[in-house]
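Scroll down for the structure; my scribbles are underneath it.
Rule-based calculations on the coordinates, nothing more; no lab input. These figures come from a predicted structure and were not determined experimentally. Every residue, glycine as well, gets a Cβ built from its backbone with ideal geometry; the counts of neighbours run over all protein chains shown.
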Amino acid sequence: MSDAPKTLGERLDLALSTLKLSQLQASLAAGVPQATISHLIRNQARTYKNSRALAEGLNINHDWLVYGRGGILNPTVHYVPVIYEYFRLRLYQSENFLEDNTHFLVTEHDYGKGMFATNLNDSILICSRQNEYEYPVRKTGFLLWTER
């Protein structure tokens, strides 16, 4: 039987213990009231609406804090939107707009500015904007995309 913490409150308690932080120190680091942190731990809360701010303030992995996935001290995850249509890609690239029902891939690797994923021949393809320093000859400033 696993002794892994099952709730956000239990994982938060473990994080504070691992980081050797008091609830007051965590409150100051995360900008979350100390009473809230105490409540989350004491009641073994399953969710918290400002969990992202809490994880970022403590410099811990948000996915671990909320869902128990990944490592506790791995805050460098990147959310890559999965975009299937050219029109939605253009909206994302020009206005950073994503629909509420957008799906994301979670990765530890930073693929660069403007990264997104799509499906190509039943495989996932992760793309990003060109780094102008790597390819100084082509300065298009946008991705070329063709649809079938």
Next item on the list: Once you have a ≥ b ≥ c as the square roots of the Cα gyration tensor eigenvalues for the range 8-67, tell me rounded if a/c is under 1.5, and otherwise prolate or oblate according to whether a/b is larger than b/c.
Entry: rounded
Next item on the list: Write out the GluC sites (Glu not before Pro) in the range 1-89 meeting two conditions: DSSP loop, and at most 13 other Cβ atoms within 10 Å of their Cβ.
Entry: Glu85
Note to self: Counting other beta carbons within 10 Å of each residue's own, what order do Leu105, Leu40 fall into, fewest first?
What the structure shows: Leu105, Leu40
Margin query: Full-extension gain between Glu95 and Asp3, please, as 0.36 nm times their residue separation minus the C-alpha to C-alpha distance.
Written below: 28.6 nm
